[in-house]
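Okay, so here's the structure we're looking at.
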Amino acid sequence: MNNSHGIDPRSHDDPRNVYPTDEEFYARDRPDHPELPEDRPRGGGPTETVRHPWTWGTILLVACIILLVLVGIALFP
């Protein structure tokens, strides 16, 4: 067993020791045309304006929480 893979040299002619190449192995479960269309194509096209995800309600909620923390610190130093 001088082979680096540890295969017995007497079994080299055994048909069970024939393995597919990497290309053959990974090509079995792929479709004929594995290319996918781009989900975000580059180049010109209509663009939408970027909107900030926060609404006025969210801003008011964050401001109230900050105010509550500041009042709590001021009243209980």
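The values are calculated or read from the model by the stated rules, or taken from the named source; none is laboratory data. Quick caveat: nothing in here was measured; it's all calculated off a predicted structure. Using ideal geometry, Cβ is built from the backbone for each residue, glycine included, and neighbour counts are taken over all protein chains shown.
When only residues in region 19-53 that are outside any loop (DSSP other than H, G, I, E, B) and surrounded by 10 or more Cβ atoms within 10 Å (Cβ to Cβ) count, which is farthest from the chain's Cα centre (by Cα)? Don't jump to the end; show me each part of the working.
Filtering region 19-53 down to residues outside any loop (DSSP other than H, G, I, E, B) leaves 22-27.
Applying the additional criterion that residues be surrounded by 10 or more Cβ atoms within 10 Å (Cβ to Cβ) yields 25-27.
Details: F25: 24, Y26: 20, A27: 22 Å.
Among residues in region 19-53 that are outside any loop (DSSP other than H, G, I, E, B) and surrounded by 10 or more Cβ atoms within 10 Å (Cβ to Cβ), the one farthest from the chain's Cα centre (by Cα) is F25.
Within region 54-77, which residues are part of a loop (DSSP other than H, G, I, E, B) and modelled with pLDDT of 80 or more? It would help to see each step written out before you state the result.
Initial filter on region 54-77 (part of a loop (DSSP other than H, G, I, E, B)): 54-55, 76-77.
T55, F76, listed by residue number.
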